[in-house]
Amino acid sequence: MTLVEEGAHAQVRDGYAIPIREATPQEYPRVAEVLVESFTAAFDVSDMYIADLRDVAGHAKAFRIWVALDDQEIVGAVLTPKDPLHIEESLEYVERWERDFRMLAVSPAARGKGVGRSLIDHAVRELGALGIRRVAINTGLRMKAARKLYESYGFVRRPERETMVVDGGYRVLSYTFDIPENLQAEVPRFDAIEAQRTVSPQPEGQGSIPGFLKALGLRLKQTTILTDSASLEEAQHDRSSYEEEESALAVIRPETIEEVSTAVATANEYRIPVFVRGAGTGLAGGAIPTRSGLVIATSSLNTLYPLNVTDRSVRVQAGVITAEISKLAASEGLFYAPDPASADISSIGGNIATNAGGFHCVKYGVTRDSVLSLTAVLADGSIITTGSGTVKDVAGLDLTSLLTGSEGVLAVVVEAVLRLRPLPEQSHALICLFPDLIEAGRAAQRISSARVQPSVFELMAVPPGIGRNARFADAVRGNSWMLIIESDEDTPVTTSRIEEAIQPYRHATIHPDEEELRWVFSLRKRGKPYPEDVWMAGGDTAVPPSGLVDMLVSLEEIAHRHGLGYSLVAHVGDGNLHTAFFTGRHTTDTAYPRALEQARRELIERSLELGGTITGEHGVGVDLKDYLGSQIGGRQLELQRAIKRAMDPNGILNPGKWL
Ligand SMILES: Cc1cc2nc3c(=O)[nH]c(=O)nc-3n(C[C@H](O)[C@H](O)[C@H](O)COP(=O)(O)OP(=O)(O)OC[C@H]3O[C@@H](n4cnc5c(N)ncnc54)[C@H](O)[C@@H]3O)c2cc1C
């Protein structure tokens, strides 16, 4: 048992004594260490917050610094006011007879020994001895261990008091604990002052949730501000599996650019985060509110303007569903080339924000190659239009490209002028089937070297059931992988070059007609290439075509070494692999298997070794934010952060993501 120092108050839990006493000034550096260790273990603490934690001597002017000891070593700390009438800030908003203790901290190595509970116990007694009747504390969602401790001690959550966000959008949680009467001292002077003291309502300025919502309501008279649980719940998810504890405060669906501008300017004024939501089909968690903020859903910004056939362009608002653009273009013999598999369900604003790829990108480029101009609302609410209506435009820095792929962290895209191309008059497809993945990869790599330009070039596992179609029955027998290659150029030349390229590999070939091709693509779009009830780690790496076979070999090797299953569909012409490692999940399993994350990490690292990228088209979002630095390096990350600061100095746009 630990020795109790003379003069220290010992809390005894389960036979284990935790001495608590006041720290001496010489011990402040160690106290600071414990505070920083404890808080940084819980969440990403800002530099300002760390500086405040370290200023123990500063806090000691108004607070008593209590430390908990384990074997003479300081392992925990808590601060209680010296004089409840003179705390660091004004008492104007503090309820009568209520005060708090501050900076409850337990060094991570000493957790699980009852140190935190003992410190709370001690602080409650100290506050009671000052005549205080109720302890009121603030904490955050990220302080999970502390919240559990408060709740188990008997603190009660007070949602009606949770009206503020701080530190870039974290909601301040409120808990209170009524000090038992036998621990409340009678302090007549304190009682007399508290009985007279008036308490003001919380200020409704920066960070105030009611203040922000009130201002928004006054300024956006035509827009409904949705705060019902169904709207908030819907805004909380995209097609990734990310879950966040912080949640949206409100959702709006503006119908005009001016409304977007007003909403963003108001959020900026109140320092409330803004999350832009297109159709919520993102796979990287990009649209998920990671803080308590406003969700601007673009679904009602859905005007599709008439085509300009001469300029081969079309102006669209951000919420238009991408497939609608293709339909309109086709009516005039034109087409919008970037066609993600989600074109029927995703918005053009989301496609622009993620710089989406698609089936035809192998020939016509990604979304960025089809965006001529953008209208965007900046973080201060101002509206800019980048680029112009021309394909050629070298006037100044290319902000159109900067915003394309910026995932809602730099601006809200509200309109775009898109480039259209003549609808190809002919096309011809080949489906080549192979017995194993590496052989299919070798064939694909050889096609990439064959000086042909497919307009679609995909790799996928042979879908189950496809052999039931008589035309496919023979070809799929004994084969597991297929390449789908479409060309809209001089088809006989292309076809013969492709057939020549794959000649060395065992394969079967089908020349599907249009309907058969559409059917195979529908299987490609629909098929979830991994079983139900599995733990899964997805990936969206891309490598240059010359690295394709090496990447596929690594995929198989990594899966085998970790004992995992894998699945793959690939925009193989541009080396973009949608991979998933998976392993069986039993109903009793609760912990995500580490092998999955390890396998995913190894595959991402392999992609970088081969000169590729961590994400070809789905974006960084929440999913890959820890990997971005490994691709672009610290200097470039800092440069990107500097751009973010220049465009969004208060950090309100999509915080908690990659910048
Ligand atoms: C079945 C399926 C197939 C898919 N296939 C493909 C594919 O082939 N290629 C591909 O690239 N992706 C694909 N995806 C992923 C997804 O559809 C794309 O990332 C798409 O571009 C997201 O569009 P969204 O409107 O759903 O955006 P959301 O998911 O709502 O948002 C995505 C990101 O963009 C930001 N954002 C959205 N709108 C705006 C705006 N107006 N201004 C600023 N930021 C904005 C959000 O904040 C978020 O960071 C697929 C997804 C599914 C479910």
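The values are calculated or read from the model by the stated rules, or taken from the named source; none is laboratory data. Source: prediction; values computed, not measured. Glycine also receives a Cβ, built like all others from the backbone with ideal geometry; neighbour counts cover every protein chain displayed. Each accessible area value is taken on the protein alone, full model and side chains, heavy atoms only, with ligands, DNA and RNA left out. Shrake-Rupley method; radii C 1.70, N 1.55, O 1.52, S 1.80 Å.
Could you tell me which of rounded, prolate or oblate describes the stretch 9-196, using a ≥ b ≥ c as the square roots of the eigenvalues of the alpha-carbon gyration tensor, with rounded for a/c under 1.5 and, failing that, prolate when a/b is larger than b/c and oblate otherwise? In terms of gyration-tensor shape, rounded. The stretch between Ile438 and Ser331, if pulled fully straight at 0.36 nm per residue, gains 34.4 nm over its current Cα-Cα span. Relative to the longest principal axis of the Cα atoms of the chain, the long axis of helix 548-561 makes an angle of roughly 50 degrees. Please figure out what share of the DSSP beta bridges in the stretch 9-196 is antiparallel and state it in percent, rounded to the nearest 5. Bridges in the stretch 9-196 that DSSP calls antiparallel: roughly 95 percent.
Based on Cβ point charges of +1 for Lys and Arg and -1 for Asp and Glu, what charge dipole magnitude is obtained for the chain about its Cα centre, in debye rounded to the nearest 20?
Around 140 debye, computed over the chain.
The angle between the Cα long axis of helix 594-609 and the main principal axis of the chain comes to about 60°, on a 0 to 90 degree scale.
Show that you can apply the helix-only estimate: for the chain, add -39,500 (n - 2.57) for every DSSP H stretch of four or more residues, divide by all residues, and state [θ] at 222 nm to the nearest 500.
On the way: 20 runs with 212 residues, N = 659.
Rounded to the nearest 500, the figure is -9500 deg cm²/dmol.
Heavy-atom accessible surface of Val476, to the nearest 10 Å², is about 20 Å², with a 1.4 Å probe and all protein chains retained. Placing a label point 7 Å from the Cα of Thr198 along the Cα-to-Cβ line, the residues of the stretch 85-114 whose backbone N sits under 16 Å from it are 91-96.
Under 15 Å from a label point 7 Å along Cα→Cβ of Thr385: give me every residue in the stretch 253-277 with its amide N that close. It comes to 257-258, nothing else. The eigenvalues of the Cα gyration tensor, multiplied by 5 and square-rooted, give the stretch 428-526 an equivalent ellipsoid with semi-axes of 20, 16, 11 Å from largest to smallest. Looking at the chain, the accessible area is 45 square angstrom per residue; that uses a 1.4 Å probe and ignores ligands, DNA and RNA. Measuring from a point 7 Å past the Cα of Arg526 along Cα-to-C-beta, which residues in the stretch 324-359 have an amide N at less than 18 Å? Output list for this probe position: 341-345.
Rolling a 1.4 Å probe over the protein heavy atoms leaves Leu610 with an accessible area of roughly 40 Å². You can think of it this way: the chain between Arg635 and Ser300 has 116.7 nm of extra reach, that is 0.36 nm per residue less the Cα-Cα gap.
For Ala62 and His237, the FRET efficiency from 1/(1 + (r/R0)^6), where r spans their Cβ atoms and R0 equals 60 Å, is about 0.85. The alpha carbon centroids of the stretch 277-352 and the stretch 551-591 are separated by 30 Å. Each residue, Phe43 and Asp83, gets one label point 7 Å from its Cα in the Cβ direction; the gap between the two is 3.3 nm.
Placing unit charges on the Cβ atoms of the charged side chains and taking the dipole of the stretch 534-609 about its Cα centre, the candidate lying farthest along the positive direction among Leu548, Val534, Gly575 is Val534. In this rough spin-label picture, where each label sits 7 Å from Cα along the Cβ direction, the Asp533-Ala395 distance is 6.2 nm.
If you restrict to DSSP beta bridges whose two residues both lie in the chain, what percentage is antiparallel, to the nearest 5? Show your work: numbers first, answer last.
Numbers: 87 of 98 bridges.
Percentage antiparallel, nearest 5: 90.
If you line up the long axis of helix 437-448 against the longest principal axis of the chain, both from Cα atoms, how many degrees apart are they, to the nearest 10? Approximately 70 degrees, to the nearest ten.
Nearest 5 is fine: what % of DSSP beta bridges in the stretch 265-407 come out antiparallel, could you say? Numbers along the way, then the final one.
Details: 9 of 13 bridges.
Percentage antiparallel, nearest 5: 70.
Ordering Tyr305, Tyr175 by accessible surface, largest first, gives Tyr305, Tyr175; the 1.4 Å probe counts only protein heavy atoms, with every chain in place.
Spacing of the modelled spin labels on Arg594 and Asn308, each 7 Å from Cα toward Cβ, amounts to 5.8 nm. Rolling a 1.4 Å probe over the protein heavy atoms of the chain, with every protein chain left in place, gives an accessible area that is 50 percent carbon and sulfur.
For Ile257, the solvent-accessible surface computed with a 1.4 Å probe is close to 30 Å², ligands and nucleic acids excluded.
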